[in-house]
Amino acid sequence: MSQPMPSPAAPPARPGPARWLAALATAISLLAAGTAGWALLRPTPAPEPLGNPAAADPKATACDAFMLVSQGVAIQTRKDLGPEPAAREAVAANARLAMAGGAAYLRDTVPSNTPPELAEPLRTFADQLQTISQYYLAGQVNDDPDQAARLTAADETTKKLVELCK
């Protein structure tokens, strides 16, 4: 019997698109893994310090913030747009906004190295403005005894701060 003859060897197959695609996917995944490793091992930036940054002249910075807020509150609470109810509501809304915004501005602006004898009344003033504006938003008026007491206390704190900021 005769043995079958082996068939001639088939010519080498050309790499198909699947082989190139697999090589490309491998290269991309290695690149992604390298980038992830670099991101994981790179030094992290220092965290931002908590609180307001220190200032070269903390008293001047704090007093400038106080004067700006005081001026804004005074202007917005003393406007007279006439007897119309809508005009009165507009003035009241601006006054509440000046107080609430002024309180936030003081908290955000007063430097961390402000002397305690100035920083404490500034915090008190910011708290007073915030409280007064919130009670206004809740419908209390100046004639309410509690609101009148809050306004008087804020006036006393303002006088103290004016003296401290001279």
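The values are calculated or read from the model by the stated rules, or taken from the named source; none is laboratory data. Remember, it's a predicted structure, so these values are computed and weren't measured experimentally. Because the Cβ atoms are built from the backbone with ideal geometry, glycine has one as well, and the counts that use them run over all protein chains shown.
See the values below:
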| item | result |
| --- | --- |
| Hits in segment 124-134 - residues which are surrounded by 16 or more Cβ atoms within 10 Å (Cβ to Cβ) and either closer than 26 Å to residue 57 by Cβ or not small (Gly, Ala, Ser) (or both) | 124, 125, 126, 128, 129, 130, 131, 132 |
| Members of segment 69-90 that are among the hydrophobic types (A, V, I, L, M, F, W, C) and either in contact with a Gly (Cβ under 8 Å, 6 or more places away or on another chain) or buried (at least 17 other Cβ atoms within 10 Å of the Cβ) (or both) | 69, 73 |
| Sole residue being among the polar types (S, T, N, Q) and at pLDDT 95 or above, chosen from 114, 124 | 124 |
| Candidate set: segment 143-162, residues that are over 17 Å from residue 118 (Cα atoms) and out of contact with any helix residue (DSSP H, G or I) (no Cβ under 6 Å at 6 or more places or on another chain); chosen: the one modelled with the lowest pLDDT | 143 |
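Rundown of residues vs (1) closer than 21 Å to residue 60 by Cα; (2) touching a strand residue (DSSP E or B) at 6+ places or on another chain (Cβ under 6 Å); (3) surrounded by fewer than 17 Cβ atoms within 10 Å (Cβ to Cβ), yes/no style:
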residue: 136; (1), (2), (3): no, no, no
residue: 140; (1), (2), (3): no, no, yes
residue: 149; (1), (2), (3): no, no, yes
residue: 164; (1), (2), (3): yes, no, yes
